[in-house]
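The values are calculated or read from the model by the stated rules, or taken from the named source; none is laboratory data. Just so it is clear, the model here is predicted, and its values are computed rather than measured. Quick reminder, even Gly has a Cβ in these numbers, built from the backbone with ideal geometry, and neighbours come from all protein chains shown. Heavy atoms of the whole protein, side chains included, go into the accessibility calculation; ligands, DNA and RNA do not. Shrake-Rupley method; radii C 1.70, N 1.55, O 1.52, S 1.80 Å.
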Amino acid sequence: MPDEFQPDAVNVDDANARPKPGRLRVGVVGAGRVGAVLGAALRQAGHTVIGASGVSEESVSRIDTLLPGVPNLDPEAIVRAADLVLVTVPDDSLEEIVTGLAAVDAWRPGQIAVHACGRYGTEVLAAAAGKGVLTLAIHPAMTFTGTSLDHTRLVNATFAVSAPAGVLPIALALAVEMGGEPIVIADEDRPAYHAAICHAANHVVTAVTQSSAVLARMGVAEPGKLLGPVVHASVEGAVSEAPGAVTMLTGPVVRGDARTVAAHVEALSSDPDIMQAYIAMARATADLALAGGRIGPAQYADLIAALGSAGAPPMSGDAP
C-alpha cells in the first residue's frame, strides 16, 4: 500500500477525536470513485477522515483500500461529526441528499460542504447553506478509476473551483492541498464548463470505439494499435494549440475533398449510428475550417452537400 494511503495516527474509530491544530475532521458521503480518492488526498494533507458512507460492494472495498481504518457510517452520522463533508454522490442525487440532511438538522453553522460535480456550482448546496454551512464546488478535471493510481494523477490536475467570494480562498486552498491547480469558474458557467469537458473527453472515447468497431469488422486484429498513434498525435496537437487548434485540423474535410467525404459516408452507411456520428462531427469540422479560413465558401458548400445537408445553413454563421 502506498504511504499516502496509510491510516492516520489518530483513533479513527472515535468520530469525536480532534485532529491536529489547523486540520479538519473530514467525512465522505458517497465513497464512489471520486469521494474515496479525494478523502484519501485530504488525509494525506493531514486532515482526519472520520467516516465514509458506502453501500455497494465496490464502495465498501474502496473504503477498505483507500481509507483503511475509516469506519463505514451512515451519511447523517458523518455530517453530524465532520467539520468538512465531501458530498460525492451522483449529480442527480446531490440536491436531494443535501436537502434530506438539512431536514433532519444534520448540518450545523460553520461546517464546510464540498461537492465534486462538474455540472453544478454551489447553488445545489443551498439547503446546507441555509443552515449556516460554507459551500464549495471543487471538480477535478480528470477521469477517476477509484484506485490509488488516481492519487498520483491528482497532482497538477486542474480543479474547477466555485464558491462565494468570502470563502473562495478556502476552496482554492483545499484544491491545492489535494495536489491540484485550481481555476475559478462562476456558478452560472458550470454547465457549459462541464459540457466542454464531457464533449472533449467522452466523445473522443465514443469516436475511437466506433472507429475500432469498423476496423474490427474488416478483420483488423488490433484496432487500438492502428488508431493509437494518430489519435494520440491529434489530441496532443489540439490540446497544445487550444483554443486556436483549428490550425491542427487535418484530413479530407479541411482539404475540401468532398468526394472523399462522400465515399466515407457511403462506406459507413451499413451502420447508421456510426454514419450519423461521422456526419455530425464532419459538419462541425467543416464549420471550424470555414471560420478559420482553412476552406472557402465553395468548398464548404460541396462538403455539406456530400454530407447530405446541402440546404442547411453553416453553423459558423459565415454563410457561403
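In segment 71-79, is there at least one residue being of a type outside the set (Asp, Glu), more than 21 Å from residue 128 (Cα to Cα) and either modelled with pLDDT of 95 or more or in contact with a strand residue (DSSP E or B) (Cβ under 6 Å, 6 or more places away or on another chain) (or both)? The answer is yes, given that some residue of segment 71-79 is of a type outside the set (Asp, Glu), more than 21 Å from residue 128 (Cα to Cα) and either modelled with pLDDT of 95 or more or in contact with a strand residue (DSSP E or B) (Cβ under 6 Å, 6 or more places away or on another chain) (or both).
Take the conditions (1) out of contact with any Pro (no Cβ under 8 Å at 6 or more places or on another chain); (2) in contact (Cβ under 8 Å) with a residue 24 or more places away in the chain; (3) open to solvent by 40 Å² or more (accessible area, probe 1.4 Å); residue 96 misses just one of them, which is (2). So residue 242 fits all but one of (1) closer than 17 Å to residue 284 by Cβ; (2) surrounded by 13 or more Cβ atoms within 10 Å (Cβ to Cβ); what number is the exception? It is condition (2) that residue 242 fails.
Being of a type outside the set (Ser, Thr, Tyr), in contact with a Lys or Arg (Cβ under 8 Å, 6 or more places away or on another chain) and either open to solvent by less than 40 Å² (accessible area, probe 1.4 Å) or modelled with pLDDT under 95 (or both) is true of residue 304.
Of all residues in segment 46-89, those satisfying the criterion of being closer than 23 Å to residue 125 by Cα, among the acidic types (Asp, Glu) and in contact (Cβ under 8 Å) with a residue 24 or more places away in the chain are 76, 83. Comparison of 248, 281, 275 shows that the only residue that is open to solvent by 60 Å² or more (accessible area, probe 1.4 Å), at pLDDT 90 or above and touching a helix residue (DSSP H, G or I) at 6+ places or on another chain (Cβ under 8 Å) is 281. Do we find a residue being assigned to a helix (DSSP H, G or I) and farther than 23 Å from residue 118 by Cα anywhere in segment 29-42? Within segment 29-42, not a single residue is assigned to a helix (DSSP H, G or I) and farther than 23 Å from residue 118 by Cα.
Of the numbered criteria (1) in a helix (DSSP H, G or I); (2) farther than 24 Å from residue 196 by Cβ, the one residue 236 fails is (2).
Any residue that is assigned to a helix (DSSP H, G or I), surrounded by fewer than 19 Cβ atoms within 10 Å (Cβ to Cβ), at pLDDT 95 or above and charged (D, E, K, R) - is there at least one of those in segment 107-124? Yes, because at least one residue in segment 107-124 is assigned to a helix (DSSP H, G or I), surrounded by fewer than 19 Cβ atoms within 10 Å (Cβ to Cβ), at pLDDT 95 or above and charged (D, E, K, R). Of all the listed residues (174, 168), the sole one being assigned to a helix (DSSP H, G or I) and open to solvent by 30 Å² or more (accessible area, probe 1.4 Å) is 168.
Comparison of 231, 214, 204, 220 shows that the only residue that is among the β-branched types (Val, Ile, Thr), assigned to a loop (DSSP other than H, G, I, E, B) and either touching a Phe, Trp or Tyr at 6+ places or on another chain (Cβ under 8 Å) or open to solvent by 30 Å² or more (accessible area, probe 1.4 Å) (or both) is 220. With the condition kept exactly as written, say whether any residue in segment 146-162 is in a helix (DSSP H, G or I), surrounded by 14 or more Cβ atoms within 10 Å (Cβ to Cβ), in contact with a Gly (Cβ under 9 Å, 6 or more places away or on another chain) and touching a residue at least 40 places away in the same chain (Cβ under 8 Å). Yes, segment 146-162 has at least one match.
When segment 228-265 is filtered for residues that are without any contact (Cβ under 8 Å) to a residue 12 or more places away in the chain and among the polar types (S, T, N, Q), the ones remaining, listed by number, are 240, 260. Scanning segment 44-74 for residues that are assigned to a helix (DSSP H, G or I) and surrounded by fewer than 22 Cβ atoms within 10 Å (Cβ to Cβ) returns 44, 57, 58, 59, 60, 61, 64, 65.
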